[in-house]
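The values are calculated or read from the model by the stated rules, or taken from the named source; none is laboratory data. The shown structure was predicted, so the numbers you read here are calculated from the model rather than taken from an experiment. Because the Cβ atoms are built from the backbone with ideal geometry, glycine has one as well, and the counts that use them run over all protein chains shown.
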Amino acid sequence: MAWTLLGMLLWKPLAGIVLGALAWAVRRRGLPALEAGRAVTAAVAGGAVVLLAAYSVLGAMPLWVEAPRELWSAVFGARYALPLVLGLVALVALGAARPHRAPSTGASLAPRTWRTFLDARWLAALVIALVLVLVPTLAAGMASRPDEDGEYTRYVVDVGSGTLGTGIYGWHHSALPPVLLVPLGAATWWALSGIARPPLAEAEPADAANRRLRSANVARVALGGLLLHLGTIVGSLANTSRLSGTFSGGDRGWFSISTPFAALSGTLDVLSAVAACVGCALWVFTALTAVPAPSPSRPRRSAVPS
């Protein structure tokens, strides 16, 4: 029973770890060696994945640990902001890592900005993920109603003179995450700017390739945080969509009530799982870029007798 429960709680992080490791194994030989912050990259990205997996296990803690309801409510409510906080910490650490090398003696007149070494596809993915986060956040907030404590955490369906309700990702839970998006975006810009602006090294092509890898790592961390956050939002909406009830209509018999988006519960479950697995995989891939690619083996020359 315990192992089954742990499997249910950990399958998304584990699937993300496998997916990220497979993607890295496929692309490993095509990646340049990471020159700056190898240990930092592995520690912050890998540590974020471990913390995320450990937090998933907290979902089963009330079965074994007695604690006030308010404490567990606060712990479970933190699941929405946790990916953004971990992503923010990782971005600051990646931005602070600087290579120690002598600059090139030749002057490079080409202007460099935070976008110089960032593939436009990463920028497009970040913008799309941001929109996908904001749309359900606003929709769920507008659909939420206050509970007995005045916090907007309830979704209510009117049934005649009564109501049928359940929890939702409302204004109460969505107050902090949008605020965290601001420092997350600022940290992304700061890290990318710190990678692009220093003078290029003597081996300019190799230095440029390394900066492209570091810029991609920054984008991977930011995008992973957004997708993991999106996964928690969509997962909450999937649970809300399952609200249903059966009531007696007197002479009219029994009738059933459900949410207007009940038919989307399966789709929302899939989207939540995909977002969580891909977000975790991006962090795993980032951590593994700290592992140097194997040097190509040289064929041995057999001695030819004279």
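In table form, for the structure just shown:
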| read-out | value |
| --- | --- |
| Residues of segment 224-272 satisfying the condition of being touching a helix residue (DSSP H, G or I) at 6+ places or on another chain (Cβ under 6 Å), at pLDDT 95 or above and surrounded by fewer than 18 Cβ atoms within 10 Å (Cβ to Cβ) | Asp269 |
| Matching option when the condition is touching a residue at least 12 places away in the same chain (Cβ under 8 Å) and either hydrophobic (A, V, I, L, M, F, W, C) or closer than 14 Å to Pro178 by Cβ (or both), among Ala125, Ala120 | Ala125 |
| Segment 52-92 - residue that is among the charged types (D, E, K, R) and over 18 Å from Leu14 (Cα atoms) and, of those, farthest from the chain's Cα centre (by Cα) | Glu66 |
| Matching residues in segment 82-113 - criterion: being under 27 Å from Val49 (Cβ atoms), at pLDDT below 90 and surrounded by 15 or more Cβ atoms within 10 Å (Cβ to Cβ) | Ala97, Pro99 |
| Test result for Leu118, in a helix (DSSP H, G or I) and either at pLDDT 95 or above or surrounded by 17 or more Cβ atoms within 10 Å (Cβ to Cβ) (or both) | no |
| Total residues in segment 140-162, condition without any contact (Cβ under 8 Å) to a residue 40 or more places away in the chain, in a helix (DSSP H, G or I) and surrounded by 15 or more Cβ atoms within 10 Å (Cβ to Cβ) | 2 |
| Residue within segment 176-183 that is under 30 Å from Ala97 (Cα atoms) and of a type in the set (Val, Ile, Thr) present | yes |
| Count of residues meeting criterion [within 15 Å of the chain's Cα centre (by Cα) and farther than 20 Å from Ala97 by Cβ] in segment 184-228 | 3 |
